[in-house]
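Presented below is the structure to which this report refers.
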Amino acid sequence: MRLAKNTLKMAEIMLKEKDFLWTTVQTYYAEYYAISSFLARIGIRCENHFCSILISEFLLGKEKISKIEMHRKMRIDTQYYLKTFEEKRIREMLRQAKIFVAEIEELISSINEEKINFFRSRIKKLLGAKMRREK
């Protein structure tokens, strides 16, 4: 979570400097690092952004994860296609990311062994269902 929080701080600095490209990129990465921390806390290592978001959505619900998926798309548009967004939209993205990172940090701090087992069992059921369909 330290990386997520530090990345948010860097995004704020970039925003003050009116560097909207790097504000967008760093804001998304702060959220991604938060999700990675959550997944690591429950014993999952996932290096693919889309899959990390997808499994987090499955475990935490679409409502909690919907913003990061939108921000992932903004980051891709900005970083790879040099699309720029209005400052107002980027400020809102950063505001939402701060809330998201705080919520994930709170979730991580409340996770006990029982919750870890619950999340892992959901993943095992998902994988079991997928394997049955493929047979």
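Remarks
- Residue match in segment 104-120 (condition: exposed (fewer than 14 other Cβ atoms within 10 Å of the Cβ) and more than 22 Å from Ile42 (Cβ to Cβ)): no
- Test result for Arg95, touching a helix residue (DSSP H, G or I) at 6+ places or on another chain (Cβ under 7 Å) and part of a helix (DSSP H, G or I): no
- Of all residues in segment 1-25, those that are within 26 Å of Ile42 (Cβ to Cβ) and modelled with pLDDT under 95 have Cβ atoms under 7 Å from Cβ atoms of residues that are acidic (Asp, Glu) and surrounded by 14 or more Cβ atoms within 10 Å (Cβ to Cβ), 6 or more apart or on another chain, in Met1/Glu105.
- Every residue from segment 2-47 that is more than 22 Å from Tyr80 (Cβ to Cβ), touching a Ser or Thr at 6+ places or on another chain (Cβ under 9 Å) and not in a helix (DSSP H, G or I): Ile44, Arg45
- Among residues that are of a type in the set (Gly, Ala, Ser) and over 30 Å from Asn117 (Cα atoms), Ala30 is not included.
- Counting only residues that are more than 28 Å from Glu17 (Cα to Cα) and in contact (Cβ under 8 Å) with a residue 60 or more places away in the chain, segment 61-114 holds 3 of them.
The values are calculated or read from the model by the stated rules, or taken from the named source; none is laboratory data. Source: prediction; values computed, not measured. In this analysis, Cβ positions are derived from the backbone assuming ideal geometry, glycine residues included, and neighbour counts consider all displayed protein chains.
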